[in-house]
Structure formats: structure tokens, C-alpha cells
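In what follows, a structure is listed as C-alpha cells, so that the remarks can point back to it.
Bear in mind that the values in this text are calculations on the coordinates, not laboratory data. Here the structure is a predicted model, which means the values were calculated and not measured. Using ideal geometry, Cβ is built from the backbone for each residue, glycine included, and neighbour counts are taken over all protein chains shown.
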Amino acid sequence: MAAPSMAERRACWASRDRYWRCLEERAEDAARCAELRRSFEASCPQQWIKYFDKRRDYLKFKEKFEAGKFQPSETTTGS
């Protein structure tokens, strides 16, 4: 796989940012952001999509944890 050009990287990041913004504005309702998700997937290499999805999940977890809103699951507290 060849490295994406500067223009391709910018297009990928822009589509990612539009998709993430949609999720924020629509209270994480992914169904309402499906078109932006398809654009994101069309603009970015598959490995990047996987990385960005994991990164977003981590950032959301970190945000909840730092705000004191994280509640461990029952299986976690019992171990």
C-alpha cells in the first residue's frame, strides 16, 4: 500500500472530523450519521479507520473517567 498523498490525508481527516462532529451533535446516534460514515470510509485507508475508531472510543472513555462519570461494570468490581 502506498502512503496517501497530502491531499488524500487532508480529505481523510476532514471526513473523519465531519463524522465525529455529527456524532457529537446527534448524541452518538450513528444511524443519523450513516452518510458521513460512508464518506469517512471512502476517504481513508481501512487501517486508519480502525485506528480512528479506537482512538475516539478511548477519548470518550477518558473524558468520562476524568469527569468522574465512569461506572465500572459488575464483572470488573467483583474481581
| Which residues, taken from the stretch 1-43, are touching a Ser or Thr at 6+ places or on another chain (Cβ under 6 Å) and under 17 Å from ARG55 (Cβ atoms)? | CYS12, SER15, PHE40, SER43
| query | What number of residues within the stretch 18-33 satisfy the criterion of being surrounded by 12 or more Cβ atoms within 10 Å (Cβ to Cβ) and either touching a strand residue (DSSP E or B) at 6+ places or on another chain (Cβ under 7 Å) or assigned to a helix (DSSP H, G or I) (or both)? | reply | 9
| task | Name every residue in the stretch 36-47 that is among the hydrophobic types (A, V, I, L, M, F, W, C) and either more than 12 Å from ALA11 (Cβ to Cβ) or crowded, with 17+ Cβ neighbours inside 10 Å (or both), in order of residue number. | result | LEU36, PHE40, CYS44
| request: Would you mention how many residues in the stretch 34-57 are closer than 26 Å to SER5 by Cα and within 9 Å of the chain's Cα centre (by Cα)? | output: 8
| request: Please specify each residue of the stretch 1-33 satisfying the condition of being within 13 Å of the chain's Cα centre (by Cα) and more than 21 Å from PHE61 (Cβ to Cβ). | output: CYS12, TRP13, ALA14, SER15, ARG18
